[in-house]
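The values are calculated or read from the model by the stated rules, or taken from the named source; none is laboratory data. Since this is a predicted model, take the numbers as computed values, not measurements. Because the Cβ atoms are built from the backbone with ideal geometry, glycine has one as well, and the counts that use them run over all protein chains shown.
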Amino acid sequence: MPTNFRHNEQIRISPIFLIDENNQKVGPVSTAEALRRAREVNMDLVEVAPTARPPVCRIMDYGKWRYQQQKKEDKSRAAARAGHLKELKISLKIGENDLNIKVNHARQFLADGNKVQFTLQFRGREMAHQHLGREMMARVRSMLADVCKVEREAKMEGRRMVMVLQPDSHKPSKAPAKASPAAPAATQAACAEAAPAASRASAG
């Protein structure tokens with residue numbers, strides 16, 4: 001919505017259709033009379049519908065109105081930027097290099113004002129190792145803790161675990177993350193155990 005309207009002496013046409021400071025329709029009056037009324041209440045005469053015949057003008061505080069409109073537009077733009085949800089898929093068997101790539105993609109998405117959803121799909125008997133999924137999500141969250149906050153904690157949805165992160169404007173953005181520390185030995189061992197079991201289940 002435009003925030004620049006002809007107002008006060010910029011309005012040359014006469015008569016105009018006047019709406020007063022209480023939003024009451026006064027009707028057609030001369031522009032000079034409308035300006036006089038506006039000055040009596042220390043407000044402005046603003047042409048809000050220039051294509052109407054006669055043009056519609058309102059008595060209002062133009063500066064305050066422009067400020068409010070600008071705030072609304074800024075809020076709408078911010079909401080539009082934040083409204084995009086980017087999904088990144090990971091698995092229990094993801095390698096360290098691939099995980100770092102995913103995390104760096106997430107870091108860039110967050111820096112651009114997007115939300116990021118991490119989705120971890122469980123296959124076969126991996127469902128018996130949901131605790132490993134929570135560990136994986138905790139690692140991801142830790143790697144991005146300097147630029148985000150958790151909008152939705154890791155939660156199971158069917159055979160997948162989902163976590164949603166959102167940008168944290170109070171945290172300064174940093175360079176892409178370095179390689180993350182290797183997963184704990186217990187986690188690696190459990191993943192190795194789950195993988196053959198999942199393969200046997202698929203083969204069966």
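Per-residue answers, yes or no, for (1) farther than 17 Å from residue 69 by Cα; (2) touching a helix residue (DSSP H, G or I) at 6+ places or on another chain (Cβ under 8 Å); (3) at pLDDT below 95; (4) in a strand (DSSP E or B):
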site: 13; (1), (2), (3), (4): yes, yes, yes, no
site: 18; (1), (2), (3), (4): yes, yes, no, yes
site: 28; (1), (2), (3), (4): yes, no, no, yes
site: 32; (1), (2), (3), (4): yes, no, no, no
site: 35; (1), (2), (3), (4): yes, yes, no, no
site: 39; (1), (2), (3), (4): yes, no, no, no
site: 46; (1), (2), (3), (4): no, yes, no, yes
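Yes/no per residue for (1) more than 37 Å from the chain's Cα centre (by Cα); (2) buried (at least 16 other Cβ atoms within 10 Å of the Cβ):
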site: 9; (1), (2): yes, no
site: 12; (1), (2): yes, no
site: 24; (1), (2): yes, no
site: 27; (1), (2): yes, no
site: 32; (1), (2): yes, no
site: 35; (1), (2): yes, yes
site: 40; (1), (2): yes, no
site: 46; (1), (2): no, yes
site: 49; (1), (2): no, no
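A residue that is in contact with a strand residue (DSSP E or B) (Cβ under 9 Å, 6 or more places away or on another chain), modelled with pLDDT under 90, surrounded by fewer than 17 Cβ atoms within 10 Å (Cβ to Cβ) and in the same structural domain as residue 109 (by TED's automatic domain parsing) occurs somewhere in region 157-168.
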